[in-house]
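The values are calculated or read from the model by the stated rules, or taken from the named source; none is laboratory data. Since the model is a prediction, treat every value here as computed from it, not as a measurement. Glycine gets a Cβ as well: all are built from the backbone with ideal geometry, and neighbour counts include every protein chain shown. With ligands, DNA and RNA removed, areas are computed over all heavy atoms of the protein, side chains included. Shrake-Rupley method; radii C 1.70, N 1.55, O 1.52, S 1.80 Å.
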Amino acid sequence: MSAELISPLPIARTCPYAPPAEHRRLREEAPIARVKLPNGRTAWAVTKHEHIRTVLSDPRFSSNRRDPGFPSLSREPPPASDLKPLLLELDPPEHGQVRRGVLGEFTVQRTQALGPRIQQIVDEHIDAMLAGPRPVDLVQAFSLPVPSLVICELLGVPYADHEFFQKRSATLVNQQNTAEEIGRAVGELMMYLGKLVAAKAQDPTDDLLGRQIRKQRESGAVDYEDLVSMAFLLLIAGHETTANMISLSTLVLLQQPEKLAALQADPTKTLGAVEELLRYFTIAEHALGRVAREDVELGGVLIRAGEGVLLLANTGNRDPEVFGNADELDLERGARNHLAFGFGPHQCLGQNLARLELQIVIDTLFRRIPGLRPAVPVETLSFKDDATVYGIREFPVTW
Ligand code: HEM
């Protein structure tokens, strides 16, 4: 039994629908194991559901991504950033204060109110696909623009600029890019959002950023840099993630037509199916990390202060102790205790929105394009094995 993983992470998958076999081996043989990172450092990889939840809810582990011990799957150290810490990087008590400031925008009720507009956006993109040439790349024609437009409208970012920020946010989540490339993308996005927040400060619009500006003014604590950081995070987190889930969900449902047919026969099952698709793919497998603030004993292993911990949630979401037949996509499983949105205080702020978008997409896409199918052999598709967020790079479809 080896507690070490010799090959550095990330490891390429052999099946697009399952985490690498090496991750599973770790879960079975050494659920808290030393792994090598591409930058030559080591970290602990945690692969069991129970341990992942423990770390994510334990304040002795920090989310400070700028700490040198924070586990990164990039080859280079993160670029120095002038950006104020993102919500995702904050620890208590600051984290709770900042999160509470924006939580009201993401309640189930507030999110549900966006449903009709999301439906309209989905329908318009399907109209455009149906009117355009075939085959078409689903990623560019549908998966990316739909959540991108939704988050832009919510924030109050002009969608006309989408090419600018989509390109830069794709640069940020690709681990293969150099620190310089990532640093440039961050700088350009910050500059863009800085100008946008300044313009809204002159004339606060009725959108998330405008409302936050008014709220800050009322409380007397005006800090536009905080708003730039928040806008930056929401813009990035709000579209790459959901976009990847749309492409992957479409692919797997097209590959398993009997499951898709059952879903189409009873749309009340879609919400549960979305939950299972989230578990099955757990696209943020490489995005969940922490660094120990003090020595912590976890599952009989001593994690020392300053050491990084990678929470391999996709592997945790296939833990047979929690999910029976975990490698099977069971759209009627009805399990919500998965880790696709993380766990604990940093659990995804946009999860209600992501669920609603996926629900509307799944209910609409296959109904409106009944003959939808991949336009190339599925084995030729390129998957984002090395990225922070898993997905499909290009997905040609026809009907
Ligand atoms: C946090 C996944 C969609 C905004 C997270 C975390 C995960 C995650 C795993 C926890 C990170 C950590 O603990 O370090 C996903 C997935 C999505 C999705 C799988 C889509 C299927 C969205 C959307 C938004 C969003 C649509 C915005 C509207 C955020 C924010 C955080 C976060 C702001 C940080 C919360 C905090 O630190 O308190 N997400 N996310 N996410 N997500 Fe999402």
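List of remarks:
- Based on the reciprocal of the average 1/r between different C-alpha atoms, the Kirkwood radius for the chain equals 21.8 Å.
- Relative compactness, segment 56-155, computed as alpha-carbon Rg over 2.2 N^0.38 Å: 1.52
- For a label point 7 Å along the Cα-to-beta-carbon line of residue 103, residues of segment 337-351 with backbone N under 15 Å: 344-351
- Portion, in percent, of the accessible area of the chain that falls on carbon or sulfur, probe 1.4 Å: 53 percent
- Cα gyration tensor category, rounded, prolate or oblate, for segment 332-399 with a/c compared to 1.5: oblate
- Segment 264-399: C-alpha pair distances exceeding 20 Å, %: 59 percent
- Relative contact order for the chain: 26 percent, from Cα pairs under 8 Å spaced at least 6 residues apart, divided by residue count.
- The simple spin-label model puts a point 7 Å past each Cα toward its Cβ; for residue 198 and residue 117 those points are separated by 2.7 nm.
- Among 228, 378, 186: highest mean-square fluctuation, GNM of the chain, C-alpha pairs under 10 Å: 378
- Sparse packing (at most 13 other Cβ atoms within 10 Å of the Cβ) combined with a DSSP loop state is found for the following trypsin sites (Lys or Arg not before Pro) in segment 269-312: 304.
- Once the gyration tensor of the Cα atoms in segment 121-271 is diagonalised, the equivalent ellipsoid follows with semi-axes of 33, 19, 14 Å, ordered largest first.
- Highest-first packing order for the peptide set 192-205, 312-325 is 312-325, 192-205, based on the mean count of other beta carbon atoms within 10 Å.
- Over the chain, accessible surface divided per residue gives 43 Å², non-protein components excluded, 1.4 Å probe.
- Dimensionless Rg ratio for segment 203-244, taking C-alpha atoms and the 2.2 N^0.38 Å reference: 1.33
- For segment 331-394 versus segment 125-204, the gap between their alpha-carbon centres in whole angstrom: 18 Å
- Span-rule helices in the chain, defined as complete DSSP H runs reaching 30 Å or more along the axis (Cα) with Kyte mean at least 1.0: 224-255
- Using Cβ point charges alone (K and R +1, D and E -1), the dipole size of segment 235-349 about the Cα centre works out to roughly 260 debye.
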